[in-house]
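Report on one structure; see the data block that follows.
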Amino acid sequence: QVQLVESGGGLVQAGGSLRLSCSASGRMFSINAMGWYRQAPGKQRELVALITSGGTTNFADSVKGRFTISRDNAKNTVYLQMNSLKPEDTAVYYCTFKTVRGDYWGQGTQVTVSS
């Protein structure tokens, strides 16, 4: 059974940084992409960043220039480096692995940015 475990969330002041990690265990078939979504209270889940198996990245406009995404294929781990955090980045962040057999999701990690 595939499990995704996230870590690195927490409370940070505006302008600060956090690094999220997401490691997958269990057998997965071909991974097309890994990424991060977030959901703020009262809002829909939205894409934050995605990195494909070929290394192509995609970012939400709201985080471009502030967030970077990277991966370690050998460790089945994806990272999200978040810099210059803003209060509007406050949300539960979910990692996802998109495979040929479907998507897997982590349990979510809370990121809170205080002003």
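The values are calculated or read from the model by the stated rules, or taken from the named source; none is laboratory data. These figures come from a predicted structure and were not determined experimentally. Counting neighbours? That spans all protein chains shown, and the Cβs are built from the backbone with ideal geometry, glycine included. What goes into the accessible areas is simple: the full protein's heavy atoms, side chains included, and nothing from ligands, DNA or RNA. Shrake-Rupley method; radii C 1.70, N 1.55, O 1.52, S 1.80 Å.
Numbers below:
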item	result
q = 0.10, 0.13 Å⁻¹: log10 I(q)/I(0) that the Debye formula gives for the chain, counting C-alpha atoms only	-0.26, -0.45
GNM result for the chain, Cα springs below 10 Å: residue of Ala33, Ala49, Ala60 fluctuating most strongly	Ala60
Length-normalised contact order for region 1-49 - Cα pairs under 8 Å, 6+ apart - percent	30
Cross-link reach list, lysines versus Lys64, counting only Cα pairs under 16 Å and skipping chain neighbours closer than eight places	Lys86
Charge context of Leu18, other residues only, Cβ under 13 angstrom, K/R +1, D/E -1	+2
Region 3-115, accessible surface, carbon-and-sulfur percent (1.4 angstrom probe)	46
Per residue accessible area of the chain, 1.4 Å probe, in Å²	53
